[in-house]
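The values are calculated or read from the model by the stated rules, or taken from the named source; none is laboratory data. Everything numeric in this text was worked out from a predicted model, so none of it was measured. So basically every Cβ, Gly included, is an ideal-geometry build from the backbone, and we count neighbours across all protein chains shown.
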Amino acid sequence: MTSTLITNIGTLVTNDPSCPGLLGLVEDAAVVIDGSVVTWTGRAAEAPAADQAFDAEGRALLPGFVDSHAHLVFAGDRTAEFNARMSGQSYTAGGIRTTVAATRSASDAQLSANVSRFITEALRQGTTTVECKSGYGLTVEDEARSLRIAATYTSETTYLGAHVVAPEFADDPSAYVDLVTGEMLDACAPYARWVDVFCEQGAFDGDQARAVLTAGIERGLTPRVHANQLSHGPGVQLAVELGAASADHCTHLTDADVAALAGSATVATLLPGAEFSTRAPYPNARRLLDAGATVALSTDCNPGSSFTTSMAFCIAVAVREMGMTPDEAVHAATTGGARALRRTDVGHISPGARADLLLLDAPSPVHLAYRPGVPLTAAVWRAGVREL
Ligand SMILES: [Zn+2]
């Protein structure tokens with residue numbers, strides 16, 4: 001294996017609690033990577049020798065972003081729906097069915113090419129770990145092939161047969177829940193790590209969501225929940241009760257919901273792209289952080305309600321609109337996402353971590369919020385491989 005010394009780093013974000021500040025900053029720093037892992041971090045003046053060197057030219061180095069919530073297996077787009085919504089119409093969960101029709105009629109090759117395109121697009125913006133859900137097939141065959149395709153690109157695959165009730169079951173939602181918890185689960189479980197459900201009016205109620213998550217748990221999947229996005233509801237409490245890794249959206253929370261998250265290991269994953277793209281009120285990150293909850297930021301990349309792969313965009317919006325400091329937002333987009341995926345090998349830069357690194361074309365991570373909309377990716381390593 002070849003070791004690389006990345007030196008002359010102006011500001012290193014380690015997320016190591018033993019270093020100063022929330023982000024564990026080291027100034028005038030260096031990092032050594034060997035093969036796929038980080039083997040050393042510290043002050044550049046004290047760095048050991050390596051086979052080759054890379055001059056960071058005083059710029060900031062961060063852990064690659066961990067995007068713990070994305071829906072990348074789909075076909076078609078919903079430009080017209082977005083345009084109509086921005087012209088005054090409101091968002092409902094039903095728009096998902098438009099993408100279901102396009103996805104079902106797409107070939108495996110088309111779906112795979114789309115996933116590849118979005119993972120590459122995310123990588124170019126510094127995202128080195130991406131979670132990917134099914135949920136636009138809603139038949140046994142289409143959900144299973146969605147996950148089979150997703151699993152060729154990421155180990156973080158999520159079975160979301162319970163995204164909305166399939167159109168064929170509009171008059172008999174309980175029969176659809178039976179399918180999702182039975183034959184569809186059997187076909188999907190071999191390709192999935194996680195089980196998810198859209199617990200919302202117009203999608204699945206608390207009892208249905210419990211049935212879906214419980215069935216997944218019995219098949220060895222770990223739960224995560226689309227919870228409290230469009231309205232108050234039982235999603236967050238259910239996520240905490242069932243030990244979900246994450247409750248995602250968390251836009252409409254009661255004090256009891258906030259307390260439940262703060263008192264649990266369930267991460268509150270906030271998805272500001274969804275509120276941005278539906279012109280909806282943002283979740284209150286400050287309230288969650290002040291209560292002691294762990295917060296993650298993710299893109300929710302999907303063709304209907306948040307068609308962005310940019311974690312930098314999410315950071316900027318979270319700082320401007322959700323009461324997060326720049327440090328908190330960067331932390332949520334790296335370590336926060338890792339916790340939402342129960343990963344200890346990503347989201348930080350310390351010896352033993354996977355060498356997922358983002359070199360910013362800026363001297364400080366604050367620039368991610370300070371310079372919104374500006375491409376700031378100077379270089380990216382994923383598992384020690386320089387990707388750009
Ligand atoms: Zn989602």
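What to note about this one:
- The condition of being surrounded by 23 or more Cβ atoms within 10 Å (Cβ to Cβ) and in contact with a Cys (Cβ under 8 Å, 6 or more places away or on another chain) holds for only one of Leu297, Leu360, that being Leu297.
- Which numbered condition Ala60 misses (of (1) of a type in the set (Gly, Ala, Ser); (2) assigned by TED's automatic domain parsing to the domain that holds Ala329; (3) within 20 Å of Val346 (Cβ to Cβ)): (2)
- Among the residues of segment 224-245, those identified as in a loop (DSSP other than H, G, I, E, B) and either without any contact (Cβ under 8 Å) to a residue 60 or more places away in the chain or more than 16 Å from the ligand (Cβ to nearest atom) (or both) are Asn228, Gln229, Ser231, His232, Gly233, Pro234, Leu242, Gly243, Ala244.
- Put simply, of Ser18, Ser90 the only residue that is within 27 Å of the chain's Cα centre (by Cα), under 26 Å from Gly126 (Cβ atoms), among the hydroxyl-bearing types (Ser, Thr, Tyr) and modelled with pLDDT under 95 is Ser18.
- Against the conditions (1) polar (S, T, N, Q); (2) within 16 Å of the ligand (Cβ to nearest atom); (3) outside the structural domain of Thr325 (by TED's automatic domain parsing), Thr7 satisfies every one except (2).
- The residues on offer are Thr154, Thr158, and the sole one that is crowded, with 22+ Cβ neighbours inside 10 Å, of a type in the set (Ser, Thr, Tyr) and within 16 Å of the ligand (Cβ to nearest atom) is Thr158.
- Per-region count, segment 286-308, residues small (Gly, Ala, Ser), more than 16 Å from Phe65 (Cβ to Cβ) and touching a Ser or Thr at 6+ places or on another chain (Cβ under 9 Å): 3
- From the list Ala265, Ala293, Ala280, the lone residue that is in a loop (DSSP other than H, G, I, E, B) and within 16 Å of the ligand (Cβ to nearest atom) is Ala280.
- Boolean, Leu221 is in contact (Cβ under 8 Å) with a residue 60 or more places away in the chain, in the same structural domain as Glu183 (by TED's automatic domain parsing) and more than 14 Å from the ligand (Cβ to nearest atom): yes
- Residues that are of a type in the set (D, E, K, R) and surrounded by fewer than 24 Cβ atoms within 10 Å (Cβ to Cβ), drawn from segment 34-81: Asp34, Arg43, Glu46, Asp51, Asp55, Glu57, Arg59, Asp77, Arg78, Glu81
- Residues satisfying the stated conditions in segment 246-262, i.e. in a loop (DSSP other than H, G, I, E, B) and surrounded by fewer than 24 Cβ atoms within 10 Å (Cβ to Cβ): Thr251, His252, Thr254
- Search result, residues across segment 108-134 that are under 21 Å from Phe204 (Cβ atoms) and in a strand (DSSP E or B): Cys132, Lys133
- All conditions but one from (1) of a type in the set (Gly, Ala, Ser); (2) touching a Ser or Thr at 6+ places or on another chain (Cβ under 9 Å); (3) not assigned by TED's automatic domain parsing to the domain that holds Ala274 apply to Ser36; the one that does not is (2).
- When residues of segment 194-210 are limited to those that are of a type in the set (D, E, K, R) and more than 16 Å from the ligand (Cβ to nearest atom), the one surrounded by the fewest Cβ atoms within 10 Å (Cβ to Cβ): Asp207
- Count of residues meeting criterion [within 16 Å of the ligand (Cβ to nearest atom), assigned to a strand (DSSP E or B) and farther than 21 Å from Val385 by Cα] in segment 22-73: 1
- Residue within segment 93-114 that is in the same structural domain as Thr334 (by TED's automatic domain parsing), in contact (Cβ under 8 Å) with a residue 12 or more places away in the chain and under 22 Å from Arg382 (Cβ atoms) present: yes
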